[in-house]
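The values are calculated or read from the model by the stated rules, or taken from the named source; none is laboratory data. Since the model is a prediction, treat every value here as computed from it, not as a measurement. Glycine gets a Cβ as well: all are built from the backbone with ideal geometry, and neighbour counts include every protein chain shown. These accessible areas exclude ligands, DNA and RNA; they are computed on the full protein's heavy atoms, side chains included. Shrake-Rupley method; radii C 1.70, N 1.55, O 1.52, S 1.80 Å.
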Amino acid sequence: MGMQYPQDDSITDEFELAGVPDSFQRLWTPYRMAYIKGGQDQVKGEESCPFCVGPTRTDEESLILHRGKTAYVILNLFPYNPGHILVCPYRHVPDYTDITEEETAEMGALAQKSMRVLRHVSRATGFNLGMNQGVTGGAGIAAHLHQHVVPRWAGDGNFFPIIAQTKAIPATLSEIRNDLAAGWLEID
């Protein structure tokens, strides 16, 4: 490491990172606890599935950006990055092999448009697209298929998520939803 000062020892952990370490070696993200505590047991059927219940509410309440014929686009309530979008079929099915050709085509088109809207509204320069299939595949809600569209920017992997397992989101979800919903109407 660079130059050391005598007082550094009192605020440096065993990984030689500055700061006052706690027993978890991370910053606090309490908003995620509701999601974490729920676990896979939070969805027992369609009546408790957020991806089934969401479309029964207003777009603003559910953070929905667009409603298609067989699928819709919604903001992730627990985003990895600002503007983290989910593309979901309306049907409550768990696996990519469970959807029809029509649903597959619409989900693909909605993922593409989501990327165009995110480029237009937020100047995203890259994306992570994916579906976590099943509990062992990492799906947070394995009972209802959903595709992630995560916008990326140069330098968005700063020290917060890498060292502190925390992501700073610079706007409220409703503000991001309003910006992206307006952008959805501007993009063909």
**Asked** Which residues, taken from the stretch 122-146, are within 16 Å of the chain's Cα centre (by Cα), in a loop (DSSP other than H, G, I, E, B) and under 25 Å from E186 (Cα atoms)?
**Response** A124, H146
**Message:** Given the condition within 17 Å of A181 (Cα to Cα) and either open to solvent by 30 Å² or more (accessible area, probe 1.4 Å) or at pLDDT 90 or above (or both), answer yes or no: does some residue in the stretch 99-106 qualify?
**Reply:** no
**Item:** Those residues of the stretch 143-170 which are at pLDDT 75 or above and open to solvent by less than 70 Å² (accessible area, probe 1.4 Å), in sequence order
**Value:** A143, H144, L145, H146, Q147, H148, V149, V150, P151, W153
**Residue list for the stretch 49-78, restricted to those being out of contact with any helix residue (DSSP H, G or I) (no Cβ under 7 Å at 6 or more places or on another chain) and open to solvent by less than 10 Å² (accessible area, probe 1.4 Å)** = C49
**Request:** All but one of (1) open to solvent by 50 Å² or more (accessible area, probe 1.4 Å); (2) at pLDDT below 85 hold for G140, so report the exception by its number.
**Result:** (1)
